[in-house]
Amino acid sequence: MDLDGISPVLEKTLKLRSRDALRFLAQWQIPAGLRRAGEARIMAYLRQHGVRAAKVLTAKVLTAARTQTVAVAGEATASGILAQMAIDLEAVNDRITVMTLSRAHADDPERGVRPLVKPVVDG
């Protein structure tokens with residue numbers, strides 16, 4: 001299942017590896033839904049969820065959504081799956097971040113980073 005099968009224009013517009021794109025896809029996956037939501041609602045949602053450059057992203061996705069007027073068979077089902085996948089990927093990314101920070105802190109609690117060279121102890 002990929003976004004290209006539902007909306008090639010959104011796939012080309014979004015940087016799918018970004019946190020902002022995942023947050024966006026958790027809410028909207030199909031052009032018709034974007035057009036119904038409108039600029040103010042999309043921008044408010046993105047800002048509420050801490051998306052950087054919410055205004056720019058909103059403009060890009062609405063421009064893309066306006067260029068695709070054909071609905072794809074099964075897009076309602078596929079959009080639900082994509083939304084859940086975006087939510088799941090956000091959770092995985094968050095967990096990786098927490099684990100990375102925890103490991104860095106455990107390696108050197110004062111600086112929070114892993115030392116490049118282990119100190120030599122005379123003994």
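The values are calculated or read from the model by the stated rules, or taken from the named source; none is laboratory data. All of these numbers come straight from a predicted model, not from anything done at the bench. Don't worry about glycine lacking a Cβ; one is built from the backbone with ideal geometry, like all the others, and counts go over all protein chains shown. The protein model used for the area step is the full one, side chains on, heavy atoms only, and it has no ligands, DNA or RNA in it. Shrake-Rupley method; radii C 1.70, N 1.55, O 1.52, S 1.80 Å.
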**Request:** Find the residue count for segment 13-24, including only residues that are among the aliphatic types (A, V, I, L, M) and open to solvent by 20 Å² or more (accessible area, probe 1.4 Å).
**Result:** 1
**Fill in**
Flagged in segment 86-96 as under 10 Å from the mean Cα position of the chain (by Cα) and either open to solvent by 60 Å² or more (accessible area, probe 1.4 Å) or among the hydroxyl-bearing types (S, T, Y) (or both), in numbering order, are I87, L89, N93
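For (1) crowded, with 18+ Cβ neighbours inside 10 Å; (2) within 15 Å of the chain's Cα centre (by Cα); (3) under 25 Å from D94 (Cβ atoms); (4) at pLDDT 90 or above, each residue gets a yes or a no:
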{"site": "I42", "(1), (2), (3), (4)": "yes, yes, yes, yes"}
{"site": "R52", "(1), (2), (3), (4)": "no, yes, yes, no"}
{"site": "L62", "(1), (2), (3), (4)": "yes, no, no, yes"}
{"site": "T67", "(1), (2), (3), (4)": "no, no, no, no"}
{"site": "A73", "(1), (2), (3), (4)": "no, no, no, no"}
{"site": "G80", "(1), (2), (3), (4)": "no, no, yes, no"}
**Message:** Can you confirm whether E90 is in contact with a Gly (Cβ under 9 Å, 6 or more places away or on another chain) and not polar (S, T, N, Q)?
**Reply:** no
**Request:** Report, by residue number, each residue of segment 81-103 that is touching a residue at least 12 places away in the same chain (Cβ under 8 Å) and among the small types (G, A, S).
**Result:** A83, A86
**helices (runs of 4 or more DSSP H) contained entirely in segment 17-73, each with at least 3 residues that are in contact (Cβ under 8 Å) with a residue 60 or more places away in the chain** = 19-27
**Asked** Do we find that V56 is at pLDDT 90 or above and in contact with a Leu (Cβ under 7 Å, 6 or more places away or on another chain) in this structure?
**Response** no
**Fill in**
Over segment 3-16, the set of residues within 16 Å of I87 (Cβ to Cβ), touching a residue at least 40 places away in the same chain (Cβ under 8 Å) and either aromatic (F, W, Y) or not in a helix (DSSP H, G or I) (or both) is L14
